[in-house]
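Beneath this line is the structure, given in structure tokens, with notes to follow.
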Amino acid sequence: MSPWEAYDFEYYVQRITEPELLKKSWAVRMRRMPLLAVPVGGTRRGGYYPVPCPCFALAVRDALQGRPGYPHLRMRRSTRPDEIYVVEWGERPPTLWPDANDADVGRFYGYSEAAIDQYTARRTQVLTVPPVSCSVFSPERPPV
């Protein structure tokens, strides 16, 4: 599909260093939701597309195979807890999650310094906020 049809097109417009790469991107629809597969180029040295199972990974890999900007297509299990498999292209990422340096990873994927700063500041804030005490009972409603 054309890149403009991807649900996350605006996300990349606001964050990527070289927006001209978006014109060369493809929206890959899986389970009715098209997401952007951004090619390598300029400062963007690699890319990836998360998928829930190997059969989808093979389909995404086959869809991108032979297209400019998607060299060295491969599939692997993800190291992130919110993803199961990923299809990758380009160079291999510097270090995988959870040990990765967020700024290095952001630069590897071609994000702008402003986007990296915003992400790392938000992540630092989330990691430094003390956990909220949880209770199964709300103070407004007594236990039954």
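The values are calculated or read from the model by the stated rules, or taken from the named source; none is laboratory data. Predicted, not measured: the structure shown is a model, and the values here were computed from it. Note that we place each Cβ from the backbone using ideal geometry, even for glycine, and neighbour counts take in every protein chain shown. With ligands, DNA and RNA removed, areas are computed over all heavy atoms of the protein, side chains included. Shrake-Rupley method; radii C 1.70, N 1.55, O 1.52, S 1.80 Å.
Just the residues that are at positive phi and open to solvent by 80 Å² or more (accessible area, probe 1.4 Å), please, taken from region 1-52.
Correct list: 31, 32.
Condition test on residue 40, is it among the β-branched types (Val, Ile, Thr) and modelled with pLDDT of 95 or more?
The answer is yes for residue 40.
Select from region 53-88 the residues that are in contact with a helix residue (DSSP H, G or I) (Cβ under 7 Å, 6 or more places away or on another chain) and not in a loop (DSSP other than H, G, I, E, B) and list them in ascending order.
75, 85, 87
Rundown of residues vs (1) closer than 17 Å to residue 1 by Cβ; (2) out of contact with any Leu (no Cβ under 6 Å at 6 or more places or on another chain); (3) not aromatic (Phe, Trp, Tyr), yes/no style:
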| position | (1), (2), (3) |
| --- | --- |
| 42 | no, yes, yes |
| 45 | no, yes, yes |
| 48 | no, yes, no |
| 52 | no, yes, yes |
| 58 | no, yes, yes |
| 69 | yes, yes, yes |
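Quick one: which of 84, 16 is closer than 24 Å to residue 123 by Cβ, among the β-branched types (Val, Ile, Thr) and modelled with pLDDT of 95 or more?
16
Determine, yes or no, whether residue 7 is of a type outside the set (S, T, N, Q), assigned to a loop (DSSP other than H, G, I, E, B) and farther than 17 Å from residue 65 by Cβ.
Yes: the conditions hold for residue 7.
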